[in-house]
Amino acid sequence: FARFVIAPGDHEEEFYATANAFNLADRWQCPAIVLSDKYLNDGYSTVDIDESKVKIDRGLLMTEEQAAKETDYKRYKWTENGVSPRAVPGMPNCLHVTVGDEHEEHGRINEEADVKTKMTDKRNDKMRFSLKELPEPVLYGPKEAEITLVCWGSTKGPALEALIELEKMGVKANCLHFIINFKVSNTKSSKMQTNYV
């Protein structure tokens, strides 16, 4: 399935990445994974956390008024960006079924080829539309360099240390750090064939 994977580079990024993962999961209605590792989990540091930087985004939630007007609630309605209107459990007129298999707009199991293709495209559309909102990789060091170190997740620390050593050796280098990528599902009709941001 299409999914976000966030790999923080240090302890401060881990805090904000966790909040961001919840927001991505709610906003785009798909899995968001925070990928940590032994390097960060066994390490420790003191960081200043600014909780005011954390914003909660529950995504496309229906209001009570919208729910009251529903006559045919489609929890998995086909939409341009793949995100369907979401009712909070208990809202009137919005009972629905949720299954782990492929399903049609109401949530009932349906594994016909055309439905499977539509659902795969729906998940991939979420990734395609989310690109505008995902953070850009961060460039450390000069814009122009002889060598660019590309890293993801906790390799950020060693890469930044390597920049210091390279500078001592007279090598002009920089580091491009990615914190997030995503995976799309494979399908012949998919509008997006790339795997990573």
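The values are calculated or read from the model by the stated rules, or taken from the named source; none is laboratory data. Everything numeric in this text was worked out from a predicted model, so none of it was measured. Glycine gets a Cβ as well: all are built from the backbone with ideal geometry, and neighbour counts include every protein chain shown. Accessible surface is based on the protein model in full, side chains and every heavy atom, while ligands, DNA and RNA are left aside. Shrake-Rupley method; radii C 1.70, N 1.55, O 1.52, S 1.80 Å.
Among strands (runs of 3 or more DSSP E) entirely within the stretch 82-197, having at least 1 residues that are modelled with pLDDT of 90 or more singles out 138-140, 147-152, 173-178.
All conditions but one from (1) under 21 Å from Asn20 (Cβ atoms); (2) open to solvent by 80 Å² or more (accessible area, probe 1.4 Å); (3) not β-branched (Val, Ile, Thr) apply to Asn93; the one that does not is (1). State all residues of the stretch 3-12 that are within 26 Å of Val83 (Cβ to Cβ) and either in contact with a helix residue (DSSP H, G or I) (Cβ under 8 Å, 6 or more places away or on another chain) or free of Cβ contacts under 8 Å to residues at least 60 places away in the same chain (or both); if no residue qualifies, say none. Result: Phe4, Ile6, Ala7, Pro8.
Restricting the stretch 10-48 to residues that are among the β-branched types (Val, Ile, Thr) and either farther than 18 Å from Asn181 by Cβ or part of a strand (DSSP E or B) (or both), the residue that is most open to solvent (accessible area, probe 1.4 Å) is Thr46.
Report whether or not Ala68 is on the phi < 0 side of the Ramachandran plot and surrounded by 14 or more Cβ atoms within 10 Å (Cβ to Cβ). Judged against the criteria, Ala68 is not a match. The residue of the stretch 13-60 that is farthest from Trp152 (Cα to Cα), among those that are out of contact with any helix residue (DSSP H, G or I) (no Cβ under 8 Å at 6 or more places or on another chain) and of a type in the set (A, V, I, L, M), is Ala25.
When Ala159, Ala145 are checked against the criterion of being small (Gly, Ala, Ser) and more than 23 Å from Lys38 (Cβ to Cβ), a single residue qualifies: Ala145.
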